[in-house]
Amino acid sequence: MKKFSKIISLILSVMLLLSISVVSSYAAGENAPFRINCTINGDTGTQRGFCWYTKSETDTKVEISILGVPVNSAKVEVVGSEKFEGNYYHKAVVSGLTAGITYGYRVGDGNVWSDYGYFTTDNGDDIVNFIAVADVQASVLDRMEKGANVLDKALDHQIGTDFVVNLGDFTNDSTNEEWDLYDQCFGDMNLTYSLVPVAGNHDSNANWFNNLFTLDTSESVTTKNGVNYSFDVGNCHFAVLNTNDNIAISKTQLTWLKNDMNSTDKDWKIVFLHKAPYSLGKDAKWPDMWYIQKYLTAVCDETNVDLVMSGHDHMYLRTKALKNQAIDEDGTTYVLAGTAGDKRYEIRKFLGDTFMKKDLIANLVVQKDGYANCWDDENNSWDEVNLNNVGGCFNTVSIVGTTLTLNSYIVKDLAEGEEDNIITNTDTYTRTKAAGENEITFTGDNTVPKQAYLENKVIDFIHFATYTLTEWLGNFMSMLPAILQSVIVEDTF
């Protein structure tokens, strides 16, 4: 049924674009909307968030339509509009929508409108599809274009996706100039899907992330450097974490995650975050990621999380299903989603069997030119080289009832004389589980008062500092000879 409804939604989307193309006004001048995005916000069957910018102060309006006809029952609530970094942002939440419908939308001041975009509300059945990318992290046009090309290929590959999750580091320095480049390269695509943004460490400049996306911040422990939130699509519950929260991730936020995952009886539990619990990249030697590995995975174990997807370390890695940091077919699978951009990391071999035991690896793809290694499971080795891996990565996840299938693809960099990228399926993972196993065990208030969060920050800092001195430092010193060899021989740290 969902497949049929997806086809209908696709047909309606095409009809929508055709029908409104003649009435869409081109937005120009100081009042022209830019950096437009539509985000998951609250109930995915009835609600969406919208954010955009203008160069001058204007009214904040959203028009929702079906095939070009305005939907008067849609309720638009303006949740923010003020000057920020020289421009004006506009944030609105639209509710009162009907599940399973493809809507058109445009944003503006009521006189000057954007081009039309569209989205489809969740119809609540048990088929869910989404795309995951990470770490475009570009500051110049050609590098941003490469990341956009990877997402464009992903959207062509998985038509009718419920949403696109970006696992963080949209830009390199989170400046006006870089976000304008992002908008130049991703703007047209952003009009065609619902976005699930995750705050990366390069997105953590004060208030930038929260002022770029209209998200459900009602339970977020902070909004200054990122947002944590959750939502349901079909038979899946998703939680988005903010790993800029107090160095790594605060115990306050981990408590929120535990309560959040215990408040759902959906069959699938999936977590998105930026910093990776398991990695062999350059950042995995530092204490924040060791801390996340120890404390986040414990919450995932306790609450029966099925899948965790992250970014940050610019390579693709999938673990086997794990519980208590050991292989367990009923445990959590962790996916480091690779980079959609062209800043790619090689393996730090000294991390093998320290931060990440090699026998926990199910698949590994290194995307870096001259170091395009992949995992050889038969020989428990990462020394096999495949130059088709030199490119950007995207991931698709398809859930049909009680079966989840993840595919990872590399979009090979164009060689001289080539006109189109080779796309290689580098990993396929399928998991099947029984329905109805999860129960609701938490029904309380999961909001965190600001004062309580500020008080807990001191405790969190002490806890993190204690962990760094008593656990991480000893591990780092034990790796030091191998690190020095890596620096001297391979020029990697």
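The values are calculated or read from the model by the stated rules, or taken from the named source; none is laboratory data. Note that this is a predicted model, so its numbers are computed, not measured. Cβ: placed from backbone, ideal geometry, glycine included. Neighbour counts: every protein chain shown.
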Can you find even one residue in the stretch 407-422 that is of a type in the set (A, V, I, L, M, F, W, C), in contact with a strand residue (DSSP E or B) (Cβ under 6 Å, 6 or more places away or on another chain) and at pLDDT 95 or above?
yes
Residues to consider are 489, 458; find the one that is modelled with pLDDT under 95 and surrounded by fewer than 10 Cβ atoms within 10 Å (Cβ to Cβ).
489
Within the set of pairs 6 or more residues apart or between chains, which connect a residue that is under 22 Å from residue 490 (Cα atoms) and of a type in the set (S, T, N, Q) inside the stretch 260-289 to a residue that is at pLDDT 95 or above and assigned to a helix (DSSP H, G or I) with Cβ atoms less than 7 Å apart?
279/289
Against the condition surrounded by fewer than 23 Cβ atoms within 10 Å (Cβ to Cβ) and under 30 Å from residue 266 (Cβ atoms), how does residue 323 come out, does it pass?
yes
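Before we move on, is residue 136 in the same structural domain as residue 420 (by TED's automatic domain parsing), part of a strand (DSSP E or B) and within 26 Å of residue 80 (Cβ to Cβ)?
Working: in the same structural domain as residue 420 (by TED's automatic domain parsing): yes; part of a strand (DSSP E or B): no; within 26 Å of residue 80 (Cβ to Cβ): yes.
No.
Residues in the stretch 89-102: is at least one in contact with a Phe, Trp or Tyr (Cβ under 9 Å, 6 or more places away or on another chain), buried (at least 18 other Cβ atoms within 10 Å of the Cβ), over 15 Å from residue 212 (Cα atoms) and without any contact (Cβ under 8 Å) to a residue 60 or more places away in the chain? Talk me through it step by step, then tell me what you get.
Start the filter on the stretch 89-102 by keeping residues that are in contact with a Phe, Trp or Tyr (Cβ under 9 Å, 6 or more places away or on another chain), which leaves 89-94, 97, 102.
Restricting the remaining residues to those that are buried (at least 18 other Cβ atoms within 10 Å of the Cβ) gives 89-94, 97, 102.
Right, trim to over 15 Å from residue 212 (Cα atoms) and you get 94, 97, 102.
From what is left, the residues that are without any contact (Cβ under 8 Å) to a residue 60 or more places away in the chain are 94, 97.
The answer is yes; a qualifying residue exists.
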Hey, among the residues in the stretch 44-60 that are surrounded by fewer than 18 Cβ atoms within 10 Å (Cβ to Cβ) and without any contact (Cβ under 8 Å) to a residue 60 or more places away in the chain, which one's nearest to residue 187 (Cα to Cα)?
55
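Results for (1) assigned to a loop (DSSP other than H, G, I, E, B); (2) within 17 Å of the chain's Cα centre (by Cα); (3) at pLDDT 95 or above; (4) more than 14 Å from residue 299 (Cβ to Cβ), shown as yes or no for each residue.
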position	(1), (2), (3), (4)
210	no, yes, yes, yes
227	yes, yes, yes, yes
256	no, no, yes, no
259	no, no, yes, no
280	yes, no, yes, yes
Every listed condition ((1) under 29 Å from residue 402 (Cα atoms); (2) in contact (Cβ under 8 Å) with a residue 40 or more places away in the chain) holds for residue 343 save (1)
Kindly check whether there is at least one residue in the stretch 470-489 that is within 25 Å of residue 222 (Cβ to Cβ) and either aliphatic (A, V, I, L, M) or not assigned by TED's automatic domain parsing to the domain that holds residue 249 (or both).
yes
